[in-house]
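The values are calculated or read from the model by the stated rules, or taken from the named source; none is laboratory data. Keep in mind that this is a model prediction, so the values were computed, not measured. Cβ: placed from backbone, ideal geometry, glycine included. Neighbour counts: every protein chain shown. Only protein heavy atoms, including side chains, enter the accessible area calculation; ligands, DNA and RNA are left aside. Shrake-Rupley method; radii C 1.70, N 1.55, O 1.52, S 1.80 Å.
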Amino acid sequence: MTEKKILMIVCDGLSDRPVKQFDNKTPLQAARKPAMDAIARHGMSGTMDVIAPGVIPGSDTAHLALFGYDPFKVYTGRGPIEAAGAGIPLDPGDVAFRCNFATVDGSMNVIDRRAGRIREGTAQLSKALSGMKIGDVTVQFKEGSEHRAALVLKGPGLDWHVSDVDPHKEGNTLQARALVPGAEKTARVLNEFVSKSNEILRSHEVNVDRAKMGLPPANIVLPRGAGGIRDLETLTARYGLKCAAVAGVTLVKGICRMVGMDVPNVKGATGGLDTDYRAKGEAALGLLSSYDFVFVNVKAGDIAGHDGDFKGKVQVIENIDTMLGLVLKEIHEGVVIALTADHSTPVSVKDHSADPVPLAISGGGVRVDGVREFDEISASLGALGRIRGMELMPILLGTADRAKKFGA
Ligand code: ZN
Ligand code: ZN
């Protein structure tokens, strides 16, 4: 058996729900997409719960699963989730925390863990903290809902194994401690951040105004739930694959780098609606000549989904299809192609949803089923059935004759 190459194309947020005003069709069902349909027609289809049934994937956790990693194991702590929610992208090595704005007295006793459930002024307070430098570490800080906020520390030599500063009840603030050797620097930076937050916030005009109104001041930040994404076994170490990625958006590029892919810069690949599809397709073809596994992410579908723009999403699908047509023309049986999405971003929801995504695989030793079109409903009738995201890589390795025998 000769080992085949693998091309994984992930159309970000492409998957959708039927929309009443458009004949109860999904954007995929409404679009003209001969290349996508050809992949379905010449291969096998299925649907995929990218993380697990009922779990709404973020793009980061979804991509980890698509590359075969268990996001519940490698995506640690609630901090990263809070950071993702606040829109702070995490790079490998960053440490993220969930935080509360709280009220302390002069001797750092916590009087109110939620600063009177502060609602107004948290954006100004956050601005006063974000961008702070502590040695070679940069602080990113963003308010969440009410008293909640996210903190991300960016810098060399950080480790998320540190204890909470938040005492979880009224009383003395805690000092963060390293929970493993090597996390001492993070604990020190975190403690310094907390005391600086007190210095900066106690005289902030938002708190001066709160004092006038008899409200408890939000005069400290209490971080907890440290987490990060880091130190993953690379795809090369795991599967013996030389890997490269074509992606425009920073978050996805970061994850690709973290799993050991080469991520060359592609001119015009922006991660936006204006991305150069042709350039992405050509870059993927170029990389296939020297890499075993090439990954392509096209972000635009997710953006149209968040905008609730049905027609825009149909247009994105047709643009991606043109790119795919170009790629298919140059590709032969020796390449296994997987076409899928990292999650659904239904235009009716304007956000990610837990709905499974369609998947089609063609080339290599693939079995050909009866599915003739690439969309959410057609795919559910395919030979792959309903799988999980983490199963995709092993299935692709098997189809590409790269799986290892188990037993004699
Ligand atoms: Zn996504
Ligand atoms: Zn999104």
Legend entry - Options 262, 274: the member that is surrounded by fewer than 17 Cβ atoms within 10 Å (Cβ to Cβ), without any contact (Cβ under 8 Å) to a residue 60 or more places away in the chain and in contact with a strand residue (DSSP E or B) (Cβ under 6 Å, 6 or more places away or on another chain): 262
Legend entry - Of all residues making up the range 332-362, the number that are more than 16 Å from ligand 2 (Cβ to nearest atom) and surrounded by 18 or more Cβ atoms within 10 Å (Cβ to Cβ): 11
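From the list 128, 115, 102, pick out the single residue that is small (Gly, Ala, Ser), away from ligand 2 (no atom under 16 Å from the Cβ) and in a strand (DSSP E or B).
On the way: 128 fails: in a strand (DSSP E or B); 115 fails: in a strand (DSSP E or B).
It is 102.
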Legend entry - Residues located in the range 159-205, provided they are in contact with a Ser or Thr (Cβ under 9 Å, 6 or more places away or on another chain), under 17 Å from residue 228 (Cβ atoms), open to solvent by 20 Å² or more (accessible area, probe 1.4 Å) and not in a loop (DSSP other than H, G, I, E, B): 178
Inset, instruction - Please state which one of 292, 321, 307 is of a type outside the set (A, V, I, L, M, F, W, C) and either modelled with pLDDT under 95 or within 16 Å of ligand 1 (Cβ to nearest atom) (or both). - result: 307
Inset, instruction - Can you confirm whether the range 347-364 contains a residue that is modelled with pLDDT under 95, of a type outside the set (Val, Ile, Thr) and in contact with a strand residue (DSSP E or B) (Cβ under 8 Å, 6 or more places away or on another chain)? - result: yes
Legend entry - Scan of the range 45-103 for residues that are of a type in the set (Val, Ile, Thr), crowded, with 24+ Cβ neighbours inside 10 Å and within 16 Å of ligand 1 (Cβ to nearest atom), ordered by number: 50, 51, 61
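When the residues of the range 212-229 are filtered to those that are in contact with an Asp or Glu (Cβ under 8 Å, 6 or more places away or on another chain) and part of a loop (DSSP other than H, G, I, E, B), which remaining residue is nearest to ligand 2 (Cβ to nearest atom)?
Going residue by residue through the range 212-229, those that are in contact with an Asp or Glu (Cβ under 8 Å, 6 or more places away or on another chain) are 216, 222-226, 228-229.
Remaining after also requiring part of a loop (DSSP other than H, G, I, E, B): 216, 228-229.
Details: 216: 36, 228: 21, 229: 18 Å.
Ranking the qualifying residues of the range 212-229, first place goes to 229.
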Legend entry - Residue satisfying condition, being assigned to a helix (DSSP H, G or I) and in the same structural domain as residue 331 (by TED's automatic domain parsing), within set 274, 302, 209: 302
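Tally the residues that are open to solvent by 20 Å² or more (accessible area, probe 1.4 Å) and under 23 Å from the mean Cα position of the chain (by Cα), restricting the search to the range 133-147. Give the derivation first.
Start the filter on the range 133-147 by keeping residues that are open to solvent by 20 Å² or more (accessible area, probe 1.4 Å), which leaves 133, 135-136, 138, 140, 142-146.
Narrowing the set further to residues that are under 23 Å from the mean Cα position of the chain (by Cα) leaves 138, 140, 142-145.
So the answer is 6.
Pick out the one residue from 123, 128, 115, 150 that is loosely packed, with under 13 Cβ neighbours inside 10 Å and either modelled with pLDDT under 95 or under 19 Å from residue 217 (Cβ atoms) (or both). Write out each step before concluding.
Details: 128 fails: loosely packed, with under 13 Cβ neighbours inside 10 Å; 115 fails: loosely packed, with under 13 Cβ neighbours inside 10 Å; 150 fails: loosely packed, with under 13 Cβ neighbours inside 10 Å.
Among 123, 128, 115, 150, only 123 is loosely packed, with under 13 Cβ neighbours inside 10 Å and either modelled with pLDDT under 95 or under 19 Å from residue 217 (Cβ atoms) (or both).
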Inset, instruction - List every residue pair whose Cβ atoms sit under 7 Å apart, with the two residues 6 or more apart in sequence or on different chains, where the first one lies in the range 308-327 and is closer than 12 Å to residue 22 by Cβ and the second, anywhere, is open to solvent by less than 30 Å² (accessible area, probe 1.4 Å) and assigned to a helix (DSSP H, G or I). - result: 310/27; 313/27; 313/301; 313/304; 313/305; 314/27
Inset, instruction - Select from the range 214-243 the residues that are buried (at least 21 other Cβ atoms within 10 Å of the Cβ) and touching a Pro at 6+ places or on another chain (Cβ under 7 Å) and write down the one among them that is modelled with the highest pLDDT. - result: 227
Legend entry - Close pairs from the range 132-151: first without any contact (Cβ under 8 Å) to a residue 24 or more places away in the chain, partner part of a strand (DSSP E or B), Cβ under 9 Å, at least 6 apart: 133/139; 138/152; 138/153; 138/154
